[in-house]
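Take a look at the structure set out below.
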Number of protein chains: 2
Amino acid sequence: MRDVAIIGVGQTPVGEHWTTSIRHLAFEAASHALRDANIDKVDAVYVGNMLSGEITGQSHLGALVVDFMALNGVEALRIESACASGAAALRVGYLAIASELADLVLVLGVEKMTDTSGRQTTAMLAMAADAEYEVSQGISFVALNALLMRRYMHEYGWQRQDFANFAINAHANGMHNPNAMFHMKISPEAYAQAAMIAEPVGLLDASPVCDGAAAVVLAPARYAHILSPAPVKIRASAVGTMPLAVHDRKDPLTLESARLSAQRAYKQADVQPGDIDFFEMHDAFSIMAALSLEASGFADKGQGVRLALDGDIMLQGRLPTGTMGGLKARGHPVGATGIYQIVESVLQLRGLAGPNQVGNAHLGMAQNIGGSGATVITHILEAMDE
Amino acid sequence: MRDVAIIGVGQTPVGEHWTTSIRHLAFEAASHALRDANIDKVDAVYVGNMLSGEITGQSHLGALVVDFMALNGVEALRIESACASGAAALRVGYLAIASELADLVLVLGVEKMTDTSGRQTTAMLAMAADAEYEVSQGISFVALNALLMRRYMHEYGWQRQDFANFAINAHANGMHNPNAMFHMKISPEAYAQAAMIAEPVGLLDASPVCDGAAAVVLAPARYAHILSPAPVKIRASAVGTMPLAVHDRKDPLTLESARLSAQRAYKQADVQPGDIDFFEMHDAFSIMAALSLEASGFADKGQGVRLALDGDIMLQGRLPTGTMGGLKARGHPVGATGIYQIVESVLQLRGLAGPNQVGNAHLGMAQNIGGSGATVITHILEAMDE
């Protein structure tokens, strides 16, 4: 294989884009990325999206995006792995460049969740879980996370309030991200008083339903410096899986898929968890953040929540997470999230994260989680010095 | 890149599997393929599927299949390109092996269309077309093909009956395929008298709604003979696209995507159309068969239908097509079709096609079409001699 680099990034603001169709969202992010890479042609386009068919009645997004971008005739596919669809598309783009079958690839994540034509987004999101063994029992995605969070609190003796800093940190970081959905600080009191969605998951434990698109341009690493003043190398790309249904897992509080994905990524990049300068984690729910930190080797089992409590996850902490607001404050347009994580990581590695800049950011890790953990995709990125 | 070979194939019968869930269909085809390849582990699984989310409420098929196959933890993604989802998954598997990032890959196509929980399959299939510019006008997929067929008849002076041999040939071939949905010969009279679905598309111009799954196992070509007694090399893999909406195409009767895809495939394999011994074409509708033959260089523009009229497409003809029944008689479980085409091509190249064996089958081509042609994916396969 040959090494792969990111030479351009683009994104739309995350929010409720009632007057913008999914093709226009895609166009905006992809145009920014192509302009950032200073190119107007690519060999292939891979689109990460979870719910376009179900919510807006439009499948076949690969060809749709290529046509609307006037990238006439080029290869295009759509990739879906529930909420990990964005990173899944990046994985395929990575394979295409690594195989030498493509030289320039556009990878896009796009999701339009607010324009549901009367169908319920909650029901659509539940399709990431096991339809026959979980959803048929009436469980929603929030409820699944509530069961996990309650079990975690029971097993390890944490209180609900101990999770508060996940949301507080995300919202503090989102304040300075112009593309974040929420620009408001929240206090420990606000967290404590948040309305319950599915106890113990409160409104401030859950990422919002929203629209957005993000894109990256990939090229062979050996040409990256010719094409970009500040390329970023993909040091590792790894997918791990485990059963969709929580009851089928050996231990419901171990994200085995995240452990596999992270271990494979560390091995490929030949690094240790301690080498990672910041972690764009998948904080769709507070409990997912805690479990992801543990499975990825950043905390002992049952102790992921301590990184939030101790402030380790803050910008000045030991392992900054959600540096541009994370899923909680930037927003979680599901199929786009994995690419937002990559775009934000690239901004950090380029030193362009503004007030949110992590000091000496050289090696970043992004982890995108599908379902309640059935698919986990980890990428490790590194700034490429001249 | 390194060359890629197919070392195992498997399939379920195509039909109405009312009592079999999508995971069981997937399991059956994948198990056959793994057994045929004589392996029980793979590095990655790529699943082609179009409608599982919309029809059965289950997205996230990659992780689902891996879990149900007890392939614990391995990489898994779902790929969607409307009716070309099967070949799209093969494309990703091809990239994975070519990149040297995987050594053994399972590629699965699966679709369950008959178990619709009350939703209309016709409406679901229309999601392959342009939701905003075509489907919002009320057009169905059959109607789109009817418009194309009528225009074709008008432009080139063909009669409806001139298309009859596409269906007659498919049904004749399906007779001897135990996995085909239909085992009945049809006559020119039956074609003439078939009920109209959307004039001039009659019941015998359209492939059926059905369920099915097919799978292949991929490995590096250089190890293929160690792993399999009769491996098949993927000589080319190529994707072409064009606008989803028919009115956005320069010429609605030219499948520019198929032309691009076929030309790229010929170039990669360094062969000419005349070198192809048989063609598994995408005869979802008779008109698509004609347009595909023309765009792929097997007939002049407006003359694709002549290959049917003259019998060239029959088993003993110049270019046998749909050798195991094609989409019309084997059936068209949309996301699985692209893999059925590959499985059947491998059977031909192994000399195991029974009464349907094409003489001296050495080089085969399979073409999978998404939407009314927006995505076209072509693979060229070759028997690997010792």
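The values are calculated or read from the model by the stated rules, or taken from the named source; none is laboratory data. This structure is a prediction, so every number in the text was calculated from the model and none was measured. Here the Cβ positions follow ideal geometry from the backbone for every residue, glycine too, while neighbour counts run over all protein chains shown.
Details
- In segment B:157-171 there is at least one residue that is surrounded by fewer than 23 Cβ atoms within 10 Å (Cβ to Cβ) and free of Cβ contacts under 8 Å to residues at least 12 places away in the same chain.
- Only one of B:Asp67, B:Asp115 that is among the acidic types (Asp, Glu) and modelled with pLDDT of 95 or more: B:Asp67
- Boolean, B:Val110 is crowded, with 24+ Cβ neighbours inside 10 Å, in contact with a helix residue (DSSP H, G or I) (Cβ under 8 Å, 6 or more places away or on another chain) and within 11 Å of chain A (Cβ to nearest Cβ): no
- Any hit, segment A:298-309, residues being under 20 Å from A:Leu260 (Cβ atoms) and aliphatic (A, V, I, L, M): yes
- Per the conditions (1) touching a residue at least 40 places away in the same chain (Cβ under 8 Å); (2) among the charged types (D, E, K, R); (3) buried (at least 24 other Cβ atoms within 10 Å of the Cβ); (4) closer than 24 Å to B:Ala219 by Cβ, the sole criterion not satisfied by B:Glu75 is (1).
- Test result for A:Leu327, under 22 Å from A:Gly370 (Cβ atoms) and hydrophobic (A, V, I, L, M, F, W, C): yes
- Condition met for A:Thr321 (touching a Lys or Arg at 6+ places or on another chain (Cβ under 9 Å), polar (S, T, N, Q) and within 21 Å of A:Leu260 (Cβ to Cβ)): no
- Number of the condition not met by B:Ile97 [criteria: (1) more than 8 Å from chain A (Cβ to nearest Cβ); (2) surrounded by fewer than 24 Cβ atoms within 10 Å (Cβ to Cβ); (3) not small (Gly, Ala, Ser)]: (2)
- Strands (runs of 3 or more DSSP E) wholly inside segment A:194-300 containing at least 1 residues that are within 30 Å of A:Lys41 (Cβ to Cβ) and not β-branched (Val, Ile, Thr): A:211-220, A:232-241, A:278-280
- B:Asp103 within 13 Å of chain A (Cβ to nearest Cβ), surrounded by fewer than 24 Cβ atoms within 10 Å (Cβ to Cβ) and farther than 23 Å from A:Leu244 by Cβ: yes
- Of everything listed in (1) closer than 30 Å to B:Glu100 by Cα; (2) modelled with pLDDT of 95 or more, the single unmet condition for B:Leu293 is (1).
- Members of segment B:309-330 found to be in contact with a strand residue (DSSP E or B) (Cβ under 6 Å, 6 or more places away or on another chain) and of a type outside the set (Val, Ile, Thr), listed by number: B:Leu319, B:Pro320
- Only residues that are of a type in the set (A, V, I, L, M), in contact with a His (Cβ under 9 Å, 6 or more places away or on another chain) and in a helix (DSSP H, G or I) were counted across segment B:331-386, and they come to 2.
- Screening A:Ser136 on (1) assigned to a loop (DSSP other than H, G, I, E, B); (2) in contact with an Asp or Glu (Cβ under 9 Å, 6 or more places away or on another chain); (3) free of Cβ contacts under 8 Å to residues at least 12 places away in the same chain shows it passes everything except condition (1).
- Selection from segment B:211-253 of residues that are in contact with an Asp or Glu (Cβ under 8 Å, 6 or more places away or on another chain), away from chain A (no Cβ under 14 Å) and surrounded by 24 or more Cβ atoms within 10 Å (Cβ to Cβ): B:Asp211, B:Gly212, B:Ala213, B:Val217, B:Ala219, B:Val232
- Any hit, segment B:225-234, residues being among the hydroxyl-bearing types (Ser, Thr, Tyr) and within 21 Å of the chain's Cα centre (by Cα): no
- Within segment B:62-105, the residues that satisfy the criterion of being under 20 Å from the mean Cα position of the chain (by Cα) and polar (S, T, N, Q) are B:Ser81, B:Ser85.
- Evaluated against (1) within 14 Å of another protein chain (Cβ to nearest Cβ); (2) buried (at least 19 other Cβ atoms within 10 Å of the Cβ), A:Tyr191 falls short on exactly one condition, (1).
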